[in-house]
Amino acid sequence: METREKIIVIGGGFAGLQFAKKLNGKRKKVIVIDKVNHHMFQPLFYQVACGRIEPSNISFPFRKIFQRSHNIQYRMCEVEKIVPEENKIITCDAEFTYDKLVIATGCRTNFFGNEQMEHLAFGMKNTQEAIAIRNHVLLTFEKLIIERRRSDDGNWNIVIVGSGPTGVELAGAFAEMKKYILPRDYPNMNFDDLKIILISSTDKPLSNMSEQSQEMSEKYLKEFGVEYLKDEFVTGYDGDRVVMKSGKEIPSNNVIWAAGVTGNIISGIKPEYIIRNRYVTDRYNRVKGYENIFAIGDIAHMETPKYPDAHPQVANVAINQGKNLASNLLKKSPADWKEYEYIDRGSLATIGKHRAVVDLPNFKFQGVIAWYFWMFLHLMLILSVRNKIAIFFNWMWSYINKDSSLRLIIIPNNKNNTEQ
Ligand SMILES: Cc1cc2nc3c(=O)[nH]c(=O)nc-3n(C[C@H](O)[C@H](O)[C@H](O)COP(=O)(O)OP(=O)(O)OC[C@H]3O[C@@H](n4cnc5c(N)ncnc54)[C@H](O)[C@@H]3O)c2cc1C
């Protein structure tokens, strides 16, 4: 009887999922292991955090994705250790052996060792965290009403640390919420004092984009009433006040940390093959020092002439490394493998309704057309027709009514709560 090569994929994010899908129906046995039971479309987490779309619209259960697949299995568990000498991984529940191992564990929020911040501020790296932000922000307003407290101590301020695409999009969305939604939901409250504050260690937002886009995004933020604090470095947060290196302090109970990520390293790989919490790979995504271990997506550190410091940690790289590795592994011999080359197709971000910035390789544009472009692209990237329709409907509803009806506070009770 023919024995199929057994490939274990750790992580079903953009990279792991594309890799597995490309092997669907092929003569390989693939096991996808992920600690959560669904694939997450991270670029729209901020819309979940603001109650604009449902978490289910951007979360896709692995068992549903692989329902019709005969050669791909899914296991829900956290991988704790890799034992390369025995071609084995150890998870929280069981051990698995492999012929080939693909590590696609992505990143987690990087609090840069700031324990206070890690404990008290919100990250936005998974669905639970996006829902936690939504719950927390909405609860702030509910508590103010119940306690009949005045809001002028500033504790209801929403502070976002980090002015990359996530920070900027989140700030724009909360500013819209303040303008259109909160006054209707809480007619007895005066939201003039509520500040949406974006703190940045650089002098312009979206530092990875063109100057034109940086300037326009700063202008859009201003138009929406977002306070943009530039060249500020956050040093502490006690749950009530954010403290900056300059000595400035801001009162807030709602702090969201969007200032960086770091790789989800699993122990077992030799430390000399790890740089800045990413596994060092060759151009075929093979982890240095190992013949049958690969790393793809955010967790891979691949140096190329165009990217001597490794690729940016973006979805495009993850998706295409997943696809490239899968087609390499389907070839007869490593001699036929194709090196991975990143083709930068551009970047984009939206800052509230009718405002977005788009940098394409040969063309940059901003404003309304950029905003429609942003919406179209994200709809195309979302998995499943049902979710595309649901999101489109929600967006159209908000567009017409300047409102959405998804501001639910859902906090799991402790009974049988297997929170991860
Ligand atoms: C809020 C936000 C917004 C973003 N917006 C954009 C954007 O607009 N455009 C863009 O190009 N990129 C964006 N990105 C970046 C993009 O999402 C990542 O580059 C991409 O997700 C990387 O894919 P990946 O497969 O490497 O990792 P991920 O998609 O992060 O997947 C990693 C998977 O591994 C699992 N995992 C981790 N550790 C373990 C373990 N030990 N055991 C089992 N499972 C494990 C996780 O549960 C997860 O499912 C954004 C990221 C965030 C957080």
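Readers should treat all values here as calculations from the given coordinates under stated rules, not as data from a laboratory. Since the model is a prediction, treat every value here as computed from it, not as a measurement. For neighbour counting, all protein chains shown are included, and Cβ atoms are generated from backbone atoms with ideal geometry for every residue, glycine included.
Any aspartates and glutamates with Cα under 20 Å of the Lys222 Cα? List them, leaving off those in the same chain fewer than 8 positions away.
Cross-link targets: Glu169, Glu176, Asp192, Asp193, Asp203, Glu211, Asp231, Glu232.
Calculate one ³J(HN,Hα) per residue across the range 209-219 by plugging θ = phi - 60° into the Karplus curve 6.51 cos²θ - 1.76 cosθ + 1.60, and present them in order as whole Hz with x for glycine and proline.
Computed from phi, the couplings for the range 209-219 are 10, 5, 4, 4, 5, 5, 5, 5, 5, 5, 5 Hz.
Set Lys and Arg Cβ to +1 and Asp and Glu Cβ to -1, take the dipole of the chain about its Cα centre, and tell me which of Leu120, Ser201, Leu329 lies farthest positive.
With unit charges placed on the Cβ atoms, the residue in question is Leu329.
From the backbone phi of the range 379-387, what are the Karplus-calculated ³J(HN,Hα) couplings (6.51 cos²θ - 1.76 cosθ + 1.60, θ = phi - 60°) in whole Hz, Gly and Pro given as x?
Each residue of the range 379-387 in turn: 5, 5, 7, 5, 6, 6, 5, 4, 5 Hz.
Normalise the Cα radius of gyration of the range 23-107 by 2.2 N^0.38 Å (N = residues in it) and let me know the number.
1.28
Put +1 on the Cβ of each Lys and Arg and -1 on the Cβ of each Asp and Glu in the range 114-269; which of Leu144, Met177, Asn188 then has its Cα farthest toward the positive end of the dipole?
Asn188
Taking Cα centroids, how far is the range 31-48 from the range 135-210 in Å?
About 25 Å separates the Cα centre of the range 31-48 from the one of the range 135-210.
If contacts are Cα pairs under 8 angstrom and at least 6 residues apart, what is the relative contact order of the chain in percent?
Across the chain, relative contact order equals 19 percent.
How long is the gain from Val385 to Lys222 if the chain were fully straight, where each residue apart is worth 0.36 nm and the alpha carbon distance is subtracted?
Length gained, Val385 through Lys222: 55.1 nm.
Calculate, for Thr262 and Asn401, the FRET efficiency according to 1/(1 + (r/R0)^6) with r their C-beta to C-beta distance and R0 35 Å; round to the nearest 0.05.
E between Thr262 and Asn401, to the nearest 0.05, is 0.30.
Please give the peptides 215-228, 327-340, 186-199, 286-299 ranked by average Cβ packing (other Cβ atoms within 10 Å per residue), highest first, as a rough proxy for protection.
Final packing ranking: 286-299, 215-228, 186-199, 327-340.
Rounded to the nearest 20 Debye, what is the dipole magnitude of the range 1-90 about its Cα centre when Lys and Arg each give +1 and Asp and Glu each give -1 at the C-beta?
440 debye
Could you give the dipole magnitude of the chain about its Cα centre, charging the beta-carbon of Lys and Arg +1 and that of Asp and Glu -1, in debye to the nearest 20?
1640 debye
Taking 60 Å as R0, compute the FRET efficiency from the Cβ-Cβ separation of Leu139 and Ile343 and round it to 0.05.
According to the calculation, E is roughly 0.85.
What net charge do the residues around Ile265 carry, taking every other residue with its C-beta under 14 Å from that of Ile265, with Lys and Arg at +1 and Asp and Glu at -1?
Neighbour charge sum, excluding Ile265 itself: +1.
What is the distance in Å between the Cα centroid of the range 49-87 and that of the range 258-312?
21 Å
Looking at this model, which pairs from Lys64/Lys353; Lys26/Lys364; Lys204/Lys248; Lys178/Lys204; Lys219/Lys245 are more than 30 angstrom apart at the alpha-carbon?
Lys64/Lys353; Lys26/Lys364
Which Cα, out of Tyr273, Pro308, Tyr342, lies furthest along the positive dipole direction of the range 251-358 (beta carbon charges, K/R +1, D/E -1)?
Tyr342
Treating only the Cβ atoms of Lys and Arg (+1) and Asp and Glu (-1) as charged, compute the dipole magnitude of the range 115-259 about its Cα centre; round to the nearest 20 debye.
Computed charge dipole of the range 115-259: roughly 300 debye.
What full-extension length gain, to one decimal in nm, is calculated for Phe233 and Glu80 as 0.36 nm per residue of separation minus the Cα-Cα distance?
51.7 nm
How high is the FRET efficiency from Phe363 to Ala132, r the C-beta distance, R0 41 Å, rounded to 0.05?
Working from the Cβ atoms, E equals 0.60.
Would you mind estimating how fast the range 115-259 diffuses translationally, via Stokes-Einstein at 25 °C and 0.890 mPa s with the Kirkwood radius over Cα pairs, in µm²/s?
D = 158 µm²/s.
Residues with amide H under 5 Å of Ile160's amide H, sequence separation 5 or more or different chain, H placed in the peptide plane at 1.01 Å from N; which?
It is Ile197, Leu198, Ile199, Ile256, by chain and number.
If amide hydrogens are placed 1.01 Å from N in the peptide plane, which non-local residues have theirs closer than 5 Å to the one on Glu5?
Here Lys29 satisfy the definition.
Taking H placed 1.01 Å from N in the peptide plane, check which residues at least 5 places from Asn110 or on another chain put their amide H under 5 Å from its amide H.
Long-range HN contacts for Asn110: Gly260, Val261, Thr262.
Please compute the Kirkwood hydrodynamic radius over the chain, one decimal place, Å, based on all pairs of different Cα atoms.
Roughly 22.8 Å, rounded to one decimal.
Report the relative contact order of the range 47-124, percent, no decimals, based on alpha-carbon pairs under 8 angstrom and at least 6 residues apart.
Reported relative contact order: 12 percent.
Would you mind putting 159-166, 71-78 in packing order, based on average other-beta-carbon counts within 10 Å, highest first?
159-166, 71-78
Taking the Cα-to-Cβ direction at Thr3 and at Ser333 and moving 7 Å from each Cα, how far apart do the two end points lie in nm?
Distance between label points: 2.4 nm.
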